[in-house]
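Right, one structure below, let's go through it.
The values are calculated or read from the model by the stated rules, or taken from the named source; none is laboratory data. What you see is a predicted model; the values in this text were computed from it and never measured. Ideal geometry is used to build each Cβ from the backbone, glycine not excepted, and the neighbour counts take in all protein chains shown.
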Amino acid sequence: MKLKDTETLTNLMRAFAGESLARNRYTFAAQAAEREKLPVIGAVFRYTAGQEKEHGEIFADFLRQAGQPNVEIDAGYPVDLGANALSLLASAVSAERDEEQTIYPTFAETAEQEGFPEIAAKFRQIAEIEKCHAGRFDAFHRLLQENRLFVSDVACGWICLNCGYEFTGKSAPETCPVCGHEQGYFIRVTMSPYDYTGINYTERQ
């Protein structure tokens, strides 16, 4: 793969740096949310940070194939100036949408023009994932902003992220009756990473 001295090589390093920074920013955001007694928001940030780490690894693999020990880049990266969970979620939505709508589509177009269809495809695939990240962060941002993170208009399922206790009602319990952890550990079952509702376990492949 003759990536040396191409704009695609530079873009791969920009992408690698961006994903690496996102992983750290989301880890720091998780810590901030946990200090606010919002471990559920912390879990969302940590879950996403793990996916950003994987994106970084994908870009790093391409960089290694180039066999170039140093790649200079000139790029701007977001800094989370806010200190609370609400502002950090808003910053995350903005950053993810920028990657999805502008950065990675532009990188993909350049890669295609320079004759790297596999890299172009990866940029586009990861852009779609960043779209999901933006939607996830936006959903939690709206719930927190509207004071509906632990309250619902209709009865729904809630799960304690600490012990797995499940409850159905219009609001999450103030304290988990099983493990004693505070309300901040509860999440709507349908928003948890491993929602099983609607799965038919009798299905055969």
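Checking the condition within 21 Å of Gly184 (Cα to Cα), of a type in the set (D, E, K, R) and over 13 Å from the mean Cα position of the chain (by Cα), which residue from Glu72, Glu36, Glu57 passes? Explain how you work it out, then say what you get.
Values: Glu72 fails: within 21 Å of Gly184 (Cα to Cα); Glu57 fails: within 21 Å of Gly184 (Cα to Cα).
So the residue among Glu72, Glu36, Glu57 that is within 21 Å of Gly184 (Cα to Cα), of a type in the set (D, E, K, R) and over 13 Å from the mean Cα position of the chain (by Cα) is Glu36.
When you check Thr202 against the structure, is it over 18 Å from Lys37 (Cα atoms) and either at pLDDT 95 or above or not assigned by TED's automatic domain parsing to the domain that holds Ala30 (or both), yes or no? The answer is yes for Thr202. Candidates in region 117-156 are the residues that are touching an Asp or Glu at 6+ places or on another chain (Cβ under 6 Å) and touching a residue at least 24 places away in the same chain (Cβ under 8 Å); of these, the one that is surrounded by the fewest Cβ atoms within 10 Å (Cβ to Cβ) is Lys131.
Can you pull out the residues in region 13-50 that are in contact with a strand residue (DSSP E or B) (Cβ under 7 Å, 6 or more places away or on another chain) and on the phi < 0 side of the Ramachandran plot? Passing the criteria: only Val40. How many residues does region 99-116 hold that are within 18 Å of Ala66 (Cα to Cα) and without any contact (Cβ under 8 Å) to a residue 60 or more places away in the chain? Final tally of qualifying residues: 4. All of (1) charged (D, E, K, R); (2) surrounded by fewer than 13 Cβ atoms within 10 Å (Cβ to Cβ); (3) in the same structural domain as Lys37 (by TED's automatic domain parsing) hold for Lys170 with one exception: (3).
Scan region 78-86 and tell me whether some residue there is more than 30 Å from Lys37 (Cα to Cα), of a type outside the set (A, V, I, L, M, F, W, C) and either touching a residue at least 40 places away in the same chain (Cβ under 8 Å) or not in a helix (DSSP H, G or I) (or both). There is no residue in region 78-86 that is more than 30 Å from Lys37 (Cα to Cα), of a type outside the set (A, V, I, L, M, F, W, C) and either touching a residue at least 40 places away in the same chain (Cβ under 8 Å) or not in a helix (DSSP H, G or I) (or both).
Across region 38-71, which residue is surrounded by the most Cβ atoms within 10 Å (Cβ to Cβ) among those that are under 30 Å from Asn147 (Cβ atoms) and polar (S, T, N, Q)? Steps first, please.
Step one: list which residues in region 38-71 are under 30 Å from Asn147 (Cβ atoms), which gives 38-52.
Next, from what is left, pick out any that are polar (S, T, N, Q): 48, 51.
Values: Thr48: 24, Gln51: 18.
In this case the residue turns out to be Thr48.
Could you check region 14-72 and list, in sequence order, the residues that are part of a helix (DSSP H, G or I) and β-branched (Val, Ile, Thr)? Once the filter is applied, which keeps residues that are part of a helix (DSSP H, G or I) and β-branched (Val, Ile, Thr), region 14-72 yields Thr27, Val40, Ile41, Val44, Thr48, Ile58.
Can you go through Cys156, Cys163 and tell me which one is over 29 Å from Ser94 (Cα atoms) and within 24 Å of the chain's Cα centre (by Cα)? Quick ask: steps written out before the conclusion?
Values: Cys156 fails: within 24 Å of the chain's Cα centre (by Cα).
One residue alone meets the criteria, Cys163.
Cβ separations smaller than 9 Å between residues 6+ apart or across chains give the following pairs from region 182-203 residues that are aliphatic (A, V, I, L, M) to residues that are modelled with pLDDT under 80 and surrounded by 12 or more Cβ atoms within 10 Å (Cβ to Cβ): Val189/Asp195.
If you go through region 79-110 and keep only what is under 17 Å from Ile126 (Cβ atoms) and surrounded by fewer than 16 Cβ atoms within 10 Å (Cβ to Cβ), you end up with Asp98, Gln101, Thr102, Pro105, Thr106, Glu109.
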